[in-house]
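Next up is a structure, given as structure tokens.
The values are calculated or read from the model by the stated rules, or taken from the named source; none is laboratory data. Because the structure is a prediction, the values reported are computed rather than measured. Here the Cβ is made from the backbone with ideal geometry for all residues, glycine too, and neighbour counts use every protein chain on show.
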Amino acid sequence: MATLAIVNGKVWRRPDASAVAVEGDRILAVGGSDLGAERVIDAGGDWIIPAFNDAHVHFLMGSRSLSELDLFGAQAQSEIESRIVDYARASRGAWVVGRGWFYSAFPGGMPTVELLDRLVPDRPAYLESFDAHAAWANSRALELSGVATRDVLLESAMLDVSRNIPRTRDDDLNALRAGMRMAASKGVASVQEAGDGQNQLELWDALRAFGELTLRVRLAFDLTPGVDLGEYEALRREPDDWITTGILKAFADGVVESKTAAMLDPYAGAHEKGVPIWGADELRSAVHAADARGWQVQVHAIGDAAIRQALDAFEGTAPGRRHRVEHIEVPDPADIARFARLGVIASMQPQHAGPAMIEVWRRHLGPERAVHGWPWRALQDSGARLAFGTDWPVVPLDPFASIAEARRDMSLEDAVAAWTAGSSFAEHAEAGKGDLRVGMLADVAVVDFDSAAVRATVVGGRVVYEKS
């Protein structure tokens, strides 16, 4: 007899089936509701789907943020100020740490150090923007870190302050536990950590040793100019159902909002175009060196110049490596067809395109370029493989919000496929997950798309979330 059966539902892409049976950590059968089992979950007519796989997430960062100051969604400076003051008054931490502020909330698009000094005068404060490409620190945090006073820290300069935030190993383990609980409640069984994975392996190994893993994770290691790839070989893992590696993450540029995304033409009403992080041939050389060692590479590329540089770097790499471009916010239309031709995965996060997020983005690009933003439908129509995710904590870890945004120009079926089969394909894991077939890993979610609700989440045959 099966160990678990989910019955009385609608099995995704199987109109003849209403139930899924599980034995151990694998799917035993897909069929009618007469499947017997030791434990039964009644789907109540909801969809039974492959559990979601977030193709691009900063899971440790997001998990830490669950206990920190949340500024996401605040549209006005007055609301941001109120949240900071209230949190600082209630918090006893040595630092005030948070994230999520929108550029558009501040006159001119950026906050000032003087404002934060007034709001948090008694201890260091460090608050990241929603996109994690800018940070707002007060004078105490800057002085403690030996950083000259400035209003906002951009890109790599953020690390000069953030590395001084007091965090312990136990803090991070507890944060990951909270993050896993939240992921389970959202129907997420797998995440693909987009960077810093070389520093997180020990945390995930510890959780597995404790028998606490309820989430599968793939960890990307950082590919930066001058990095010695030989140092990563000892950390590289053989294929594993729970913790995997094998991919490197590079940044080609920053973001449009701070004008650090690399553009082919200047920003609207300005002279700057954004500066690429890598030299003209430097990224290509690094990608080909990694490719020769068997690494998959994913490149953060938002501006059209950076996207082109990433695609140029992937020219001539090994067939079937499934290299990836992340974000793809504003590509030149001439580069759309290159994704399919090169076999490059288009890894995108539809929530970034939400109306509340793009006021400054549109202003900096101008209307002619903005209209080409986030072209997931055009990429799909050209034959490219899509993989969807959230980029949490840049936006909430919410597959339903992502799917709702994507559905403005694609079908529900295609959006869900990008969140399941597409994400699994992007991490070379399609043989084990992303579909509901006999013999595949029993990673299953029971969901109602109309109400954006999760009834149950199963990972490896274990019920890790069930709605009361």
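Between 57, 30, 7, which is at pLDDT 95 or above, touching a Phe, Trp or Tyr at 6+ places or on another chain (Cβ under 8 Å) and closer than 21 Å to residue 434 by Cα?
Within the list 57, 30, 7, the selection yields 57.
Tell me, which helices (runs of 4 or more DSSP H) wholly within region 374-468 include 1 or more residues that are closer than 30 Å to residue 294 by Cα, at pLDDT 95 or above and in contact with a strand residue (DSSP E or B) (Cβ under 6 Å, 6 or more places away or on another chain)?
Of the helices (runs of 4 or more DSSP H) lying wholly inside region 374-468, those with at least 1 residues that are closer than 30 Å to residue 294 by Cα, at pLDDT 95 or above and in contact with a strand residue (DSSP E or B) (Cβ under 6 Å, 6 or more places away or on another chain) span 376-381, 412-419, 421-426.
Let me ask something else about it. Pick from 188, 147: which is of a type in the set (Val, Ile, Thr), more than 18 Å from residue 297 (Cβ to Cβ) and surrounded by 21 or more Cβ atoms within 10 Å (Cβ to Cβ)?
Only one candidate passes the filter, namely 188.
Find the residue count for region 314-327, including only residues that are touching an Asp or Glu at 6+ places or on another chain (Cβ under 9 Å), buried (at least 19 other Cβ atoms within 10 Å of the Cβ) and of a type outside the set (Lys, Arg).
Residues in region 314-327 being touching an Asp or Glu at 6+ places or on another chain (Cβ under 9 Å), buried (at least 19 other Cβ atoms within 10 Å of the Cβ) and of a type outside the set (Lys, Arg): 5 in total.
Looking at region 348-375, which of its residues are in contact with a Gly (Cβ under 9 Å, 6 or more places away or on another chain) and over 20 Å from residue 325 (Cα atoms)?
356, 358, 360, 362, 363, 364, 365, 366
Would you check which residues across region 357-373 are on the phi < 0 side of the Ramachandran plot, surrounded by fewer than 19 Cβ atoms within 10 Å (Cβ to Cβ) and not in a helix (DSSP H, G or I) and list them?
Passing the criteria: 371, 372, 373.
Report whether or not residue 308 is within 25 Å of the chain's Cα centre (by Cα), of a type in the set (Lys, Arg) and part of a loop (DSSP other than H, G, I, E, B).
no
Counting just the residues of region 129-144 that are touching a strand residue (DSSP E or B) at 6+ places or on another chain (Cβ under 9 Å) and touching a residue at least 60 places away in the same chain (Cβ under 8 Å), which one comes out surrounded by the fewest Cβ atoms within 10 Å (Cβ to Cβ)?
By that ranking, first place goes to 132.
Within the set of pairs 6 or more residues apart or between chains, which connect a residue that is surrounded by fewer than 21 Cβ atoms within 10 Å (Cβ to Cβ) inside region 210-224 to a residue that is part of a strand (DSSP E or B) and not hydrophobic (A, V, I, L, M, F, W, C) with Cβ atoms less than 7 Å apart?
Sorted first by the residue in region 210-224, then by its partner, the pairs are 222/249.
Go through region 85-124 residue by residue and tally those that are under 21 Å from residue 144 (Cα atoms) and either in a loop (DSSP other than H, G, I, E, B) or out of contact with any Ser or Thr (no Cβ under 7 Å at 6 or more places or on another chain) (or both).
Of the residues in region 85-124, 21 are under 21 Å from residue 144 (Cα atoms) and either in a loop (DSSP other than H, G, I, E, B) or out of contact with any Ser or Thr (no Cβ under 7 Å at 6 or more places or on another chain) (or both).
Looking only at residues that are assigned to a loop (DSSP other than H, G, I, E, B) and touching a helix residue (DSSP H, G or I) at 6+ places or on another chain (Cβ under 8 Å) in region 164-204, which one is nearest to residue 424 (Cα to Cα)?
Checking each candidate, the answer is 187.
Strands (runs of 3 or more DSSP E) wholly in region 1-63 with at least 1 residues that are of a type in the set (D, E, K, R) - which ones?
Fully inside region 1-63 and qualifying: 19-23, 26-31, 37-42, 52-57.
May I ask you to list pairs of residues, at least six apart or on different chains, whose Cβ atoms are under 8 Å apart, with the first in region 186-201 being at positive phi and the second being surrounded by 24 or more Cβ atoms within 10 Å (Cβ to Cβ) and assigned to a loop (DSSP other than H, G, I, E, B)?
Note: pairs meeting the criteria are 187/51.
Condition first: in a loop (DSSP other than H, G, I, E, B), farther than 20 Å from residue 194 by Cα and charged (D, E, K, R). Can you find one or more residues in region 326-339 that meet it?
Yes, there is a match, as at least one residue in region 326-339 is in a loop (DSSP other than H, G, I, E, B), farther than 20 Å from residue 194 by Cα and charged (D, E, K, R).
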